[in-house]
């Protein structure tokens, strides 16, 4: 296993070193952002996944903008058509009111996740935050899913034009945006009340469900398979870190 991991890392580095093309020309075909307030920690877990539209443009350098309150970036990975994960070396930098990471993606499918703390967690308190979706690139289809924390009350999000669904004992709100322009503001405001300070799940005793990814025909099928495989590895890594 160690030899395989070393081989994958070296292959990823070699592939990424040949990256060409300006990042400003990239277009994201589909992207899903999942916001999970107080899911497994006293912060907001953000999972951002998707694929760039032009596969022939990769390997390439890309940039992801992060909230200033980011406390921990766990993974920044690319997925091959065969479902192999290529997690990249990254360094969080500051620029104005945001943080960002520049990474080299060997393939156009990507997966990043991080924790950020936009509010203080106290007993019997109102939690509020506004999350701005990273639109550094044009996005043909953007989905934003917001998970309602366990034991929360008076849960409210804005704008009000969303769908509601249930999954794995959680309630979600879902937004779908089409043809989002680069730099176009897509902000989601979330507020709720909680009496306790415990997260929704304890990963030491609860099974972690991989967030649902895009489903469909053509390239999306490969994305689903690849992210499912990455999800298993991601879950194991998080459990080890929590132990």
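Bear in mind these aren't lab numbers, they're just calculated from the coordinates by the rules spelled out. Predicted model only: the values in this text are computed from it and were never measured. Neighbour counts run over all protein chains shown; Cβ positions are idealised from the backbone, glycine included.
Against the conditions (1) within 13 Å of the chain's Cα centre (by Cα); (2) surrounded by fewer than 21 Cβ atoms within 10 Å (Cβ to Cβ); (3) within 30 Å of residue 195 (Cα to Cα), residue 114 satisfies every one except (2).
Please go through region 150-167 and pick out each residue that is part of a strand (DSSP E or B) and surrounded by 15 or more Cβ atoms within 10 Å (Cβ to Cβ).
To start, the set of residues in region 150-167 that are part of a strand (DSSP E or B) comprises 152-158, 163-167.
Hits for region 150-167 are 152, 155, 157.
Residue 40 fails exactly one of the following numbered conditions: (1) free of Cβ contacts under 8 Å to residues at least 24 places away in the same chain; (2) out of contact with any strand residue (DSSP E or B) (no Cβ under 8 Å at 6 or more places or on another chain). What is the number of that condition? Just one mismatch for residue 40, condition (1).
Suppose we filter 86, 107 for residues that are buried (at least 18 other Cβ atoms within 10 Å of the Cβ), in a strand (DSSP E or B) and in contact (Cβ under 8 Å) with a residue 24 or more places away in the chain; which single one remains?
On the way: 107 fails: in a strand (DSSP E or B).
Result: 86 is the single residue among 86, 107 that is buried (at least 18 other Cβ atoms within 10 Å of the Cβ), in a strand (DSSP E or B) and in contact (Cβ under 8 Å) with a residue 24 or more places away in the chain.
Kindly check whether there is at least one residue in region 168-184 that is without any contact (Cβ under 8 Å) to a residue 60 or more places away in the chain, in a loop (DSSP other than H, G, I, E, B) and farther than 30 Å from residue 108 by Cα. Within region 168-184, one or more residues are without any contact (Cβ under 8 Å) to a residue 60 or more places away in the chain, in a loop (DSSP other than H, G, I, E, B) and farther than 30 Å from residue 108 by Cα.
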